[in-house]
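Here is the structure we will look at.
The values are calculated or read from the model by the stated rules, or taken from the named source; none is laboratory data. Just so we're clear, the structure is a prediction, and the values are computed from it rather than from any experiment. Here the Cβ positions follow ideal geometry from the backbone for every residue, glycine too, while neighbour counts run over all protein chains shown.
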Amino acid sequence: MKRRVLLIAVLAGAILVLNACASGASEDDLEELRSEVQTLRSDVDTLIERLEVGDPAAPASATATPRPASTPRPTQTPEPSPEPLACALSIESFSTSLRSASFEEFADITFIVRNSDDRQIRAWRLSIAFFDPFGDLLFSGAFRDGNAAVPAGGTEEAIFSYDDNQFIDDEPYDYLASFAVENLDLEVIECEVSFVDE
């Protein structure tokens, strides 16, 4: 459980920082952000190892906090809560599929999202963590639809794709290709919506 909380916190924080800085950032800035994320992952791995072997040097209530990037922006470190996330948008179901196109391999995730509000949603963004059948975090990602038209009380389909980089392991494509959809669990970490009348 500690491993799951730490990984979610670090990865979600890193995704927020990368998304915040990616638009309009120079290549040098992006490389610096990638380096920061890699350092965070290494720090978390070390901390997890200490926690798993009961190292007394590990703090009793360890939490991971993202390091500030070159462009400061407030970030939240999500902590799993026993209560469901309060949001007008929810994922009703999801499916995965693999496809080939122009000598490339892709894994698609299709979400059916439901609007529980009485107003139409025009845009949304979700941070979602995916887990294997043992509860271990596989990957997390930020998903957004800036051209949504989710009707009040209705549903809409949204499709996202990951390509396969044959030279890098443990990417979302690799996990989606390795697990049947019924063996994947997901958790919405963050949710934001924009309504038509806003």
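Some observations on this one:
- GLY135 satisfies every condition listed in (1) crowded, with 16+ Cβ neighbours inside 10 Å; (2) more than 14 Å from the chain's Cα centre (by Cα) except (1).
- Hey, GLY153 surrounded by fewer than 13 Cβ atoms within 10 Å (Cβ to Cβ) and either more than 20 Å from the chain's Cα centre (by Cα) or outside the structural domain of VAL181 (by TED's automatic domain parsing) (or both) or not: yes
- Among the numbered conditions (1) closer than 18 Å to SER93 by Cα; (2) without any contact (Cβ under 8 Å) to a residue 12 or more places away in the chain; (3) among the aromatic types (Phe, Trp, Tyr), the only one that PHE134 does not meet is (1).
- Among the candidates ILE189, ILE168, ILE128, ILE159, residue that is among the aliphatic types (A, V, I, L, M), surrounded by fewer than 13 Cβ atoms within 10 Å (Cβ to Cβ) and not in a loop (DSSP other than H, G, I, E, B): ILE159
- Filter result for ILE168 (free of Cβ contacts under 8 Å to residues at least 24 places away in the same chain and either farther than 28 Å from PHE103 by Cβ or β-branched (Val, Ile, Thr) (or both)): yes
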